[in-house]
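A.B. asks: A single structure is presented below for examination.
Only the coordinates and a few stated rules stand behind these numbers; no lab work does. Predicted, not measured: the structure shown is a model, and the values here were computed from it. A quick note on method: Cβ atoms are made from the backbone with ideal geometry, for glycine too, and the neighbour counts reach across all protein chains shown.
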Amino acid sequence: MNSGFDNNMTAGQIVSRGKRRANAVGLEFVIFLIHIAGWIPSHHIRRFFYRLAGMKIGSGSTFHVGARFYNPANISVGKDTIIGEGVVLDGRGTLQIGDHVDFATDVMIYNAQHDIESPTFSAVVEPVIIKDYVFIGPRAIILPGVTIEKGAVVGAGAVVTKDVEAFSVVGGVPAKVIGERKLKELNYRLGRAALFR
């Protein structure tokens, strides 16, 4: 039976590996708890637990039910932002979401992935930045290293693999520019989140 320890490891290496594993299990348990909290039918209570887990959340921002997180301590959300139902936010690397951003249902944002060319299938972690007044449509996927500039729109089901310029509209797999947002002076507020969602 393989215990996960190499017979040539020093006592210090064994202790260090044990601490890393304990930290990983602890983080997984916290993520499990905030996943459960994500189904509490109160925006205020959900925000309380997300902030307790280390997420930075601006005033007036809200999360609808069923959000999933990977390491919430690396996620920051600006003010007046709405995160839709079933959204996945990856905090294994830095994830910055600006003000007045609107995520539709089932959006997935990842900032870590496996290097398929690596002999050890190692992880690659790159930050994701979503600037102010961005709208991301239902079931869109944003991949590691992407910056979405101010006022951009990501269409439903798009897979974004490259940076998106300000006020551009992208769609498709992989996402390509399909239009431009005409209104450039954005100053709207997203308003109150729906109750019990």
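A.B. asks: For segment 1-76, what are Rg and Dmax over the alpha carbons, in angstrom?
C.D. replies: Values for segment 1-76 (Cα only, Rg and Dmax): 17.3, 54 Å.
A.B. asks: Sequence neighbours fewer than 8 away in the same chain don't count; with that in mind, list the aspartates and glutamates whose C-alpha is under 18 Å from residue 176.
C.D. replies: Candidates past the 8-residue exclusion: 149, 163, 165.
A.B. asks: I would also like to ask the following. Out of 89, 167, 71, whose Cα points farthest toward the positive end of the dipole of segment 11-180 (charges: +1 Lys, Arg; -1 Asp, Glu; placed on Cβ)?
C.D. replies: Selected residue: 71.
A.B. asks: With a sphere of radius 14 Å drawn around the Cβ of residue 65, what net charge do the other residues whose Cβ falls strictly inside it have (Lys, Arg +1; Asp, Glu -1)?
C.D. replies: Result for the local shell: +2.
A.B. asks: Further question on the same structure: Show me the three semi-axes of the equivalent ellipsoid for the chain, from the C-alpha gyration tensor (sqrt of 5 times each eigenvalue), largest first, rounded to whole Å.
C.D. replies: For the chain, the ellipsoid semi-axes come out as 34, 22, 13 Å.
A.B. asks: Determine the alpha carbon to alpha carbon distance for each of 19/56; 56/182; 56/79 and list only those over 20 Å.
C.D. replies: Flagged as over cut-off: 19/56; 56/182.
A.B. asks: Round to the nearest 10 and give me the degree value, 0 to 90, for the angle of helix 43-52's Cα axis relative to the longest principal axis of the chain.
C.D. replies: On a 0 to 90 degree scale, this one is about 40.
A.B. asks: Let me have the 222 nm mean residue ellipticity of the chain computed from DSSP H runs of 4+ only, each contributing -39500 (n - 2.57), with the sum over all residues rounded to the nearest 500.
C.D. replies: So the calculated ellipticity at 222 nm is -6500 deg cm²/dmol.
A.B. asks: Report, to the nearest 10°, how far helix 11-37 tilts away from the longest principal axis of the Cα atoms in the chain, using its own Cα long axis and a range of 0 to 90°.
C.D. replies: For helix 11-37, the angle is close to 30 degrees.
A.B. asks: Next up: Excluding residue 102 itself, calculate the net charge of residues whose Cβ lies under 12 Å from the Cβ of residue 102, where each Lys or Arg counts +1 and each Asp or Glu counts -1.
C.D. replies: -2
A.B. asks: Can I ask one more? Got a sec? How would 30, 77 order by Cβ neighbour count within 10 Å, fewest to most?
C.D. replies: Ranking 30, 77 by Cβ neighbours within 10 Å, fewest first, gives 30, 77.
A.B. asks: Also, I was wondering about something else. Could you line up 25, 164 from fewest to most neighbouring Cβ atoms inside 10 Å?
C.D. replies: 25, 164
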